[in-house]
Each structure stands twice: as structure tokens, then as C-alpha cells.
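A short write-up of the structure that comes next.
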Amino acid sequence: MKLEQLREKAHELPLEPGVYIMKDSSGEIIYVGKAKALRNRVSQYFAALASHSPKTRTMVSHIDDFETIFAKTEFDALLLENTLIKKHKPKYNILLKDDKGYPFLRLGREDYARFGIVSKRKNDGAVYFGPYGGRGSANSVIRLLGELFLFPNCGRKFPRDIGRDRPCLRLDLGKCCGVCTGEVSAEQYGELLHQACLLLEGKCGDLEQRLGREMEACAENLEFERAASLRDRLKTVRSLQSSTVVQTSTGADMDVIACAFLNARACVTVLSYMGGILTGKYSAVFGGFEQGDAADILESFIKQFYGSMAPPPKEVCLSHPVEAQEALEQYLSALKDGRCRIKYPQRGSGLERVRLAEENGRLELMETEAREARTGKSMDMLREMLSLEKAPQRIESYDISNTAGTDPVASMVVLQSGKLLKGAYKRFKVKTVRGGDDTGAMSEVVGRRLAHAAEGTESFLPLPDLILVDGAAAQAAAAEEQVKKYGFAIPVFGMVKDSRHRTRALISSGGKEIGLTAAPAVFAMVGRLQEEVHRFAVEYHHKVREKTVRGSELDNIPGVGETRRRALLKRFGSVRAIAAASEEELMQAVPKNVAAAVKKYFTEKRNENNNGKSKGQTAGDS
């Protein structure tokens, strides 16, 4: 449709709440929005185009038609809009990144539960904390909790493995509470977990009182070592509390959300307060926006953030008013299963917290622009060094991993605009090549990747601007041959390592080396890419190798096939635990005759190993 036709169609809409769905000429949904009065809202898009932001003008130029869905209330329209955005992921809607990059800590409800790191919250009865800025931050929190509350970090499973083996060195060093000894009851361990949860929730005052009472009780019972340990833990908690820079005077649980702008970019920053203490920050940067878009950005952000990434608190303080405040409060209250209020602080400490969030957003935007400038210079330098037609924006890197030629696998990692794009990573099992032939394996893997792209497989698109393979000229030539086979024009180079296993140069298929050490920024970028693709390949190889080793060990036992092998591993977790289990315990996973065969196998193997050690000791003594 032409603009005039779209304008006429919009004027025919009723003044009712509902959702409007914008489509391009191919029928693809490019934007979904909601309105209290459809005629007024939709008409705005096709009138006074000069007043729109650049992003809105671009979107309107691609609209060929639109549909509407009427709703009874504005709240119903909000829910429908949220559902359609999640389903269609329209190009011009505000879309948060996959929360895979923002992990949570998960604590199950079982006895002797441990903190773990997960990518998403689930409705499974477990307790979740976060999201955190990355897996590094989440791991740091787990380490801190382990040091403070002496949680075990071994591979044993409790209560199954209590008393099975000797305690490890960490118990002797005073770095573990010693669950494996059987001297820590489920109730005592549960108290430690509860204290850790209080710390994660920012309830340091409650934790201090709890530790203080427990310390005094131990002192009265003459348990001085225990009292001293609690005293040290109390000091650490107090130091953590005093190191918190920002606190609220009310001790409330709230989120402060502000929208900052810089050069056609917007950054939404969430500062989370628990028990009145600032406990976390989350930021998301979006392109193509102006100050006038703040309300729409915040409304879209809030629905997605609380709908999928974090539970709403009691209060949400915003930097800019949103049009659908009542509907949003209703939506957040439904998610929380309790009252959630939206506020706009205009003075005092509330306004100071909003300004703090805005300043964090501005700093994030400045850092983003500086990082892009550095990345742009690095890519331009790489283009000159490799004599490319254009600076590469998307780089794919490949590596092969195997153990003496067995279980060969490959990895593919992606660097997009200077940032690792983990959602685009790929893993391959090498199918046609064996015996440590890395060149052949590289040819197979790159060929399979390009074949998927040639077939139009969406998950293998777009194609990269540059391919870097781990290896010398032979691996680069093998990959380049596959590129030519499928009719693509993608430059290919190998990454050559020095004696310290760092990428010192890139090499063409013809053997020409291009040194990197003279360009530190490019050297660092390529080195980071090489380390990441190697890590990803080795990690996958270890998983495949572990499955092979586990399977071959159990496959030696009569009566144990694939189904019973899986049942044993699911019940016990490892071959070592299966070997240590009693026949009665094994019968919980497999029939009696199979349990007897498993027990007999590992008993005979243990006896053979012991006899071998005895002979070795005798020979050594003589």
C-alpha cells in the first residue's frame, strides 16, 4: 500500500483498545504495538513523518500493510502485544538479548543442595538469584559463598556419598564443613544455606543477628573453635555490608530503571535494591532512538525484562513516565503474585537513585562507542594487513580437537563487530576422517557448514566476511577449497602459534605469513579468538571422550546394554560411583542378576589392580 492508503485505513479504525501488527511487502511482521485507542495511535505513524525518530521513519518506509486485533481493555492489549512480540520477534521492536549471557544462581530444595549456574529461571520449586553480569561474576559469588560458609566443591553427591571415601584435603585445611564425614546433619547444612540466601538477598542485618546468636550459644557451650569461626564469618559479612556504596533509607526492595541517550543510542539501566542495599545492575543498549522515545523504550523493556529475566520487586522507580502505567502495574502485580507499584521520583533520595541509574547508562553508552571505535580501527588494520576488499564485521574461526586421533570434534566460534557471538557457536563431530588428520577434518567441517548455508539453513546464515582456521597453510588450503567448491568468496587464513601457544601470525593457503605482533590491537583480538575456539573445541572433545570412556567400561559387563548403562549412570552419576556401590544399591537401578554382574566385574577388577600393585612393590623392594 501507498502511504495515503495506509493513512486512510488507519482513520477507519475504531477508538478501541487493541494491538496493531505492521507488515512489509513480503508479509513479514516488522513491528507489533498496543494502543488504548487504535485509530489515534496507528494514525500517528502516517502523519507528520518529520517528527518521528530516525528508527520510526525507517520502519514506516517499510510498512506495506497492517492488521489490528481488538481487546476489551488496555491490559488485555498489553498481554496480547507481549505474546506476539515473543512469538514473531519483529525487527523494529525493542528486543532484549537472550538471557543466556546473564546467568542466575540456582539452589534446589533437596537435602545438601548446592548453588549452581543456569541460563534461565524455571518454575521448578528452586530458589534463583540474579541475573548476574556474566558467568565469571556468578562463579565469583559461588566461590565467595564457599569460602564464607565452607560449602563442599567436590564431585561427590550427598547424602549418597556420605562416609564412602576419606575426606579430602580441604577439610584438613578448614575450607570445607565436611559433609562427607557424616558429622553435618541435613538441618545444619540447611542452616548454612539459609544464611547464604540471606546474604544473596541483601538481608545482612538478619544474617548478622543470626550469626551473633549462634556465636554466643557456642561460647556458652564452651565450643570456642566453632565460636571463633562464626566470629570470623560475622566480620566478613559486616565488611561486605560496609563496602556497599549505595543504600536506601527505607530498606525497601525496589528496582530503579532509567533510560539514557547518546548519539542516537539508548541505554536502559536497572539498579536492583534488596533490603535497601544496591545489589546489582543490568544494562541493555539499543540503537536508533532519541529522547522522545524514552517512554516506549521503558514500557517495552519492562514487559520483556520482568516477563522472562527477573521477578518484579515491590516498587519500580522510572526515569520517564509511561503511558500505560495502570496496565503495567497490573501486569507486574500478576507476575509477582502481589502488589507492585510504579513510581516517578521527583525529589530527594529517590531522584538521586534515578540519576545514578542514568549516569550508569551514560557511562555504558560512552564505553560502547569507545569500544566500537577501537574495534573499527582494529578491523581496518586487519583489512590492510590481509589486503581485503572491506573491513570484516563477522569472523568465523574453526579448530579441531582429538586424543591420538580418536573422538575427533570441531568447533566454530563467531566474532561479530568485535564481540564474541556465543549464540552463533557451532559444534561438529567429525564423521569421515580418523587418525589425527586435522587437515581432512577441517575440510569436512568447513564443507558441512557451507553446505548448510548453500541450502539456506537459517541457523547457518549469514556467511562470514573472513574465516580463520587453527593451523598452518594446509588447513587454510583445505578450508579455502571448500569455499570455492560452494561458489562463495570468503577469504581464508590459518592461525600460526608461537612457542607459547599464542597466535603470532596469519598464513594464507599459499604459505604467505602476515605477522601480528607489530599491531597489538589485532594481535590481541586474533589471540582472543584463537583461545576461544580452542577452549570450545577442547570442552566439547572432553564431553565426547568422557561418554566414550564411560560407555566402554560398562559395556564390558555381561547384561549391561545401552538402556541399563544409562539407568546406572543416571542413578549414580559416574562409573566410579557405580564401582563403589553395593549390590543392594545397584538393584535400585537394574535387575538383581545384572547388579550381581556389575558388582562382580568391579570386585574382580579391584582385586587385579591390588595384585598388580603388590607385585610392583615386591619387585621394587628386591
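So here's what we get for this one:
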read-out: The listed residue being in a loop (DSSP other than H, G, I, E, B), out of contact with any Asp or Glu (no Cβ under 8 Å at 6 or more places or on another chain) and charged (D, E, K, R), out of Arg339, Arg374, Arg362, Arg427; value: Arg339
read-out: Residue count, the range 431-447 (criterion: surrounded by 17 or more Cβ atoms within 10 Å (Cβ to Cβ) and either more than 27 Å from the chain's Cα centre (by Cα) or touching a residue at least 60 places away in the same chain (Cβ under 8 Å) (or both)); value: 10
read-out: Evaluation of Gly440 against (1) part of a helix (DSSP H, G or I); (2) in contact with a Pro (Cβ under 8 Å, 6 or more places away or on another chain) (one fails), failing number; value: (2)
read-out: Close pairs (9 angstrom Cβ cut-off, 6 or more residues apart or separate chains): in the same structural domain as Leu192 (by TED's automatic domain parsing) and among the acidic types (Asp, Glu) in the range 94-123, crowded, with 18+ Cβ neighbours inside 10 Å and at pLDDT 85 or above anywhere; value: Asp111/Phe158; Asp111/Tyr189
read-out: Options Gly288, Gly348: the member that is over 25 Å from Lys34 (Cα atoms), surrounded by fewer than 18 Cβ atoms within 10 Å (Cβ to Cβ) and not hydrophobic (A, V, I, L, M, F, W, C); value: Gly348
read-out: Odd one out for Glu187 among (1) surrounded by fewer than 16 Cβ atoms within 10 Å (Cβ to Cβ); (2) in contact (Cβ under 8 Å) with a residue 24 or more places away in the chain; value: (2)
read-out: Phe523, sole failed condition from (1) modelled with pLDDT of 90 or more; (2) over 23 Å from Thr375 (Cβ atoms); (3) of a type outside the set (Gly, Ala, Ser); value: (2)
read-out: Of all residues in the range 254-281 being modelled with pLDDT under 90 and out of contact with any Gly (no Cβ under 8 Å at 6 or more places or on another chain), the one that is farthest from Lys91 (Cα to Cα); value: Leu278
read-out: Leu95 more than 27 Å from Leu569 (Cβ to Cβ) and aliphatic (A, V, I, L, M); value: yes
read-out: Any pair with Cβ under 6 angstrom, 6 or more apart, that starts in the range 298-316 at a residue that is in contact (Cβ under 8 Å) with a residue 12 or more places away in the chain and assigned by TED's automatic domain parsing to the domain that holds Ala334 and ends at one that is basic (Lys, Arg) and assigned to a helix (DSSP H, G or I); value: Pro312/Lys336
read-out: Spans of strands (runs of 3 or more DSSP E) in the range 22-133 with at least 1 residues in contact with a strand residue (DSSP E or B) (Cβ under 6 Å, 6 or more places away or on another chain), within 30 Å of Glu326 (Cα to Cα) and at pLDDT 85 or above; value: 29-35, 65-70, 127-129
read-out: Qualifying position, being in contact (Cβ under 8 Å) with a residue 60 or more places away in the chain and under 22 Å from Met274 (Cβ atoms), among Phe66, Phe129; value: Phe129
read-out: Sole residue being at negative phi and outside any helix (DSSP H, G or I), chosen from Leu382, Leu468, Leu450; value: Leu468
read-out: Filter result for Gln530 (in a helix (DSSP H, G or I) and modelled with pLDDT under 95); value: yes
read-out: Criterion (under 24 Å from the mean Cα position of the chain (by Cα) and either over 27 Å from Glu480 (Cβ atoms) or outside the structural domain of Ser283 (by TED's automatic domain parsing) (or both)) met by exactly one of Leu356, Leu365; value: Leu365
read-out: Criterion violated by Lys497 - all others in (1) within 17 Å of Met379 (Cβ to Cβ); (2) modelled with pLDDT under 90 satisfied; value: (1)
read-out: Residue under evaluation Lys203, criteria (1) of a type in the set (D, E, K, R); (2) surrounded by fewer than 17 Cβ atoms within 10 Å (Cβ to Cβ); (3) more than 12 Å from Leu150 (Cβ to Cβ); (4) at pLDDT below 85, criterion not met; value: (2)
read-out: Filter result for the condition that a residue is surrounded by 18 or more Cβ atoms within 10 Å (Cβ to Cβ), not hydroxyl-bearing (Ser, Thr, Tyr) and not assigned by TED's automatic domain parsing to the domain that holds Gln588, over Pro167, Pro152; value: Pro152
read-out: Test: Lys547 is of a type in the set (Lys, Arg), within 30 Å of Val413 (Cα to Cα), outside the structural domain of Ser401 (by TED's automatic domain parsing) and modelled with pLDDT under 75; value: yes
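The values are calculated or read from the model by the stated rules, or taken from the named source; none is laboratory data. Owing to the predicted nature of the structure, the values given are computational and were not obtained by experimental measurement. Virtual Cβ from ideal backbone geometry, glycine too; neighbours counted across all protein chains shown.
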